[in-house]
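S.K.: Dropping the structure in here first, questions after.
Derivation of every value follows stated rules applied to the coordinates shown; laboratory data play no part. Note that the structure is a prediction, hence the values are computed from the model and not measured. Every residue, glycine as well, gets a Cβ built from its backbone with ideal geometry; the counts of neighbours run over all protein chains shown.
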Amino acid sequence: MKVTLVMKPATKSFIPIEAESIVPKNFLAGTDLSVWRGNRELRLDEVFSISVEGDADRVEDVEVVLSGDTSRLKRVGEYMDGGKITILGGIGMHCGNFMSDGTIEVHGNADGWLGREMAGGTIICRGDAADYCASGYRGGRKGMTGGTVEVFGRAGDFLAESIAAGTVIVHGDAGDMAGAEMHGGTLVVHGNCSRPAANMKSGSCYVFGTAQGMLPTFRKVGTIQHEGRTLIQFTGDIANRGKGNLFVKDYKYLD
Amino acid sequence: MIVKDAVCPFCGCLCDDIEVEVEGGRVVAVTNACELGTTKFMGEKRMKNPILRDGNQWKEITCDEAVRYAADMLLDAERPLLYGWSGTHGEAQCVGVHMAELVRGVIDNTSSVCHGPSILAIQEVGHPGCTLGVVKNRADLVIYWGSNPIDAHPRHLSRYTRYAEGFFLENAFRDRKVIVVDVRRTETAEIADEFVQIKPGGDYAVLSALRAIVQGKTETIPRTVAGVTREQLVRVANLCKSAKFGAVYFGLGLTMTRGKYKNIRNAIELVSELSRHTKFTISAMRGHYNVYGSNEVNTWMTGYPFGIDFSRGIAFYNPGETTAVDILARKECDAALIVGSDPAAHFPRRCLEHLSEIPVVQLDPYPNATTAFCNVQIPVAVTGIDAEGTAYRMDGVPIRTRKVLSSDYLSDREVLLQMYTLMQEAKGQ
Ligand code: SF4
């Protein structure tokens with residue numbers, strides 16, 4: 001079953017729309033769903049032109065395709081547990097919060113908190129991801145606990161904050177404090193980033209570019225060969241009695 | 001008439017030993033307050049009546065008309081923002097939270113642009129703090145990190161630290177050491193025993209290095225960290241470990257610089273590390289006199305200290321998303337009520353552009369930068385001068401501010417209650 005949702009041009013276009021009802025499972029029972037624009041509840045068909053092709057009785061057979069200006073659409077795919085969501089443009093904050101299975105593919109950029117506290121499944125972002133991609137929630141001890149997030153563009157600050165398990169791969173640069181408080185899982189940044197793995201306890205963080213503002217509390221172990229690259233291995237964050245692994249191609253202290 | 005033990009409604013020190021002389025309904029002299037406090041008590045040029053924007057002009061309107069305008073504005077909005085609150089008393093803040101919940105709006109206070117990151121850090125790792133009185137009487141080491149009390153909290157030094165007597169210190173002035181950590185040599189740095197000058201953006205690295213040194217892992221630390229030599233870091237770590245009671249006070253120089261809440265988390269974790277060796281505490285130098293109160297009131301009423309979004313009927317909190325600067329910059333609200341603050345004086349241009357496009361009502365005794373963005377402004381009594389109410393000092397101690405003179409102005413709480421009553425009627429409650 002393929003559900004196509006084309007966003008209608010909105011009058012109050014800047015008020016964000018919260019659309020946690022857009023998860024493949026919900027469409028097994030039809031399209032009588034609602035979303036919220038600010039404090040107003042709206043029917044799904046007030047916001048989207050909806051078309052449904054075919055039918056399905058398993059979530060794995062449901063694909064939801066979103067198009068139009070979806071950059072202010074929040075919480076799409078929250079608690080998703082199977083199926084596929086394809087977003088042809090950009091997507092608003094909290095896409096794929098808490099998802100446990102299935103695939104979300106974003107062809108444009110993703111706003112903050114993409115895949116927040118994700119437990120499983122796959123998120124692919126073809127554009128850039130803003131701050132807090134694959135991170136935890138305010139004050140939370142555990143961020144991502146499983147699954148994979150792959151960003152083909154750049155990522156903002158606090159990428160994979162508090163990651164406990166799972167894999168995050170960014171093909172471009174990442175911002176400040178990538179992998180802060182990480183205590184498990186794997187983070188790979190193909191480009192540069194600053195202050196990676198701050199306060200890490202455990203897990204592995206790879207930076208194939210330069211680690212700017214490298215923290216002084218990582219102990220150099222030696223060099224390793226990884227996927228044809230020579231990387232410098234550190235362990236830390238010793239300030240936090242951490243025993244994590246940080247691998248960087250190059251690094252610069254703020255000295 | 002002389003009013004003794006008045007409370008200064010300016011900064012987070014909330015000094016409660018002020019003497020105010022009142023004559024002919026005006027404050028004519030102030031004793032014990034610093035210059036900032038004195039100016040606040042003597043403040044003049046208050047707005048007389050509520051005003052309504054009428055084309056390019058202002059028109060005076062009655063308080064009832066102004067209150068009706070505000071209530072209708074909030075009821076019509078799909079995502080109203082209720083912002084400010086640090087410059088008013090707790091009782092008014094309570095009404096604000098009820099209003100936000102009733103109209104399903106977003107309520108945020110000025111901590112989102114000052115110590116909000118400190119609160120985020122506290123939510124991550126807790127807050128080993130204490131009252132100012134404990135520091136005054138016991139601390140033999142005080143660290144000011146990214147704060148300059150001589151400028152911003154002038155009596156902090158004389159009432160609680162550098163120049164204060166201490167019950168458990170024989171000769172407080174001699175026995176109490178002061179360390180100042182900052183990116184520039186401030187006036188406070190001049191009176192410190194040790195000044196640590198950090199390169200901008202380097203606080204986090206220095207805090208991490210200190211944590212490692214306190215654990216005895218000095219050999220891993222490079223020769224300099226963000227412009228600070230390893231020798232100085234070791235000296236500072238030793239000063240801290242050998243203190244009987246240490247207190248860290250941090251300001252916006254730590255909270256609002258690169259890394260924000262992670263800086264504060266790192267500072268708290270340094271304090272926890274030091275507490276394995278001696279007694280150490282840490283607290284924020286809160287700015288506005290009742291910004292701490294706005295966090296208290298919001299927390300006990302909603303579970304969250306600032307940036308609370310009631311759009312969906314329940315409280316949702318996510319600084320960076322539900323905080324005023326972010327909402328305004330992204331044009332995500334369609335009306336604003338401003339109480340007890342002046343966002344136009346501090347907010348980025350993008351935020352002000354949106355403020356100029358939506359209806360705005362402000363409660364403030366004085367014309368200020370935000371007045372230019374208002375559709376309606378309602379002058380109110382000044383808490384601590386012609387209104388009384390509860391405020392929270394920077395260490396979380398609630399202090400009842402006193403009314404030192406009477407006026408015809410209504411307090412923030414009274415005006416907000418009128419609005420809330422109209423809104424309840426409209427909602428059939
Ligand atoms: S230190 Fe602060 S509270 Fe005390 S008198 Fe000065 S401005 Fe007022």
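S.K.: Fewest Cβ neighbours within 10 Å first, please rank B:60, A:63, B:190, A:150 accordingly.
M.R.: Neighbour counts put them in this order, fewest first: B:190, B:60, A:150, A:63.
S.K.: Right, next: Using the crude model of +1 on Lys and Arg Cβ and -1 on Asp and Glu Cβ, and no other charge, please compute the dipole size for region B:64-213 relative to its Cα centre, in debye to 20.
M.R.: About 640 debye.
S.K.: Where a Cα-Cα gap under 26 Å defines reach, which lysines qualify for residue B:217, not counting those fewer than 8 residues away within the same chain?
M.R.: The qualifying lysines are A:201, A:220, A:243, A:249, A:252, B:177, B:199, B:241, B:244, B:260, B:262, B:279.
S.K.: At R0 = 45 Å, how high is the FRET efficiency between residue B:314 and residue B:406 if r is their beta carbon distance? Nearest 0.05 is fine.
M.R.: The pair residue B:314/residue B:406 has a calculated efficiency of 0.60.
S.K.: Then there's this: If each residue of separation counts as 0.36 nm, what is the full-extension length gain between residue B:76 and residue B:414 once their alpha-carbon separation is subtracted?
M.R.: Roughly 119.5 nm would be gained on extension.
S.K.: Along region B:196-208, what does the Karplus equation 6.51 cos²θ - 1.76 cosθ + 1.60 (θ = phi - 60°) give for ³J(HN,Hα), rounded to whole Hz, x for Gly and Pro?
M.R.: For region B:196-208, the Karplus curve yields 10, 9, 10, 5, x, x, x, 4, 4, 4, 5, 5, 4 Hz.
S.K.: Over all distinct alpha-carbon pairs, what is the Kirkwood Rh of region B:116-284 in angstrom?
M.R.: Kirkwood hydrodynamic radius for region B:116-284: 15.7 Å.
S.K.: Residue by residue, what Karplus-based ³J(HN,Hα) values in Hz, rounded to whole numbers, does region B:101-117 have, using 6.51, -1.76 and 1.60 with θ = phi - 60° and x for Gly and Pro?
M.R.: In residue order, the calculated couplings are 5, 5, 8, 6, x, 10, 10, 9, 10, 5, 5, 5, 10, 10, 9, x, x Hz.
S.K.: Now, a different point. Would you calculate the separation in nanometres between label points at residue B:5 and residue B:175, each defined as 7 Å from the Cα along the Cα-to-beta-carbon direction?
M.R.: 2.8 nm
S.K.: Using only the Cα atoms of region B:280-429, build the gyration tensor, take square roots of its eigenvalues as a ≥ b ≥ c, and label the shape rounded, prolate or oblate: rounded if a/c is under 1.5, else prolate if a/b is larger than b/c, else oblate.
M.R.: It is rounded, given that a/c, with a ≥ b ≥ c, falls under 1.5.
S.K.: Compute the distance in nm between two label points, each set 7 Å from the Cα along the Cα-to-Cβ direction, one at residue B:235 and one at residue A:52.
M.R.: Result for the modelled spin labels: 7.5 nm.
S.K.: Strictly greater than 34 Å: what percent of every Cα pair in chain A meets that?
M.R.: 22 percent
S.K.: Also, quick follow-up: How big is the Cα convex hull of region A:22-75 in projection, averaged over all directions, in nm²?
M.R.: Reported value for the Cα convex hull: 4.0 nm².
S.K.: Moving on to the next point. Does the protein assembly as shown classify as rounded, prolate or oblate by the C-alpha gyration tensor (a ≥ b ≥ c root eigenvalues; a/c under 1.5 gives rounded; else a/b over b/c gives prolate, otherwise oblate)?
M.R.: The shape class here is oblate.
S.K.: Something else: What number, in nm² with one decimal, is the all-direction average of the projected area of the convex hull of the alpha-carbon atoms of chain B?
M.R.: With the hull built on Cα positions only, its mean projection is 21.1 nm².
S.K.: Right, something else. Please compute the contact order of chain A in relative form: average sequence separation of alpha-carbon pairs under 8 Å and at least six residues apart, divided by the residue count, as a percent. The partial results should precede the final answer.
M.R.: Values: 894 pairs, mean separation 25.4, N = 255.
Computed value for chain A: 10 percent relative contact order.
S.K.: Go through region B:368-375 residue by residue and turn each phi into a ³J(HN,Hα) via Karplus (6.51, -1.76, 1.60, θ = phi - 60°); whole Hz please, and just put x for glycine and proline.
M.R.: Going residue by residue, I get 9, 4, 5, 3, 4, 9, 8, 8 Hz, with x marking Gly and Pro.
S.K.: Just the projected area, averaged over all directions, of the convex hull on the alpha carbon atoms of region A:31-141: how many nm²? If you can, show how the numbers build up before the last one.
M.R.: On the way: hull surface 29.4 nm².
Across all orientations, region A:31-141 yields a mean hull projection of 7.3 nm².
S.K.: Moving on to the next point. What does the convex hull of the Cα atoms of region A:109-255 come to per residue, in Å³, rounded to a whole number?
M.R.: Values: hull volume 12.8 nm³, N = 147.
Taking only Cα atoms, region A:109-255 has a hull volume of 87 Å³ per residue.
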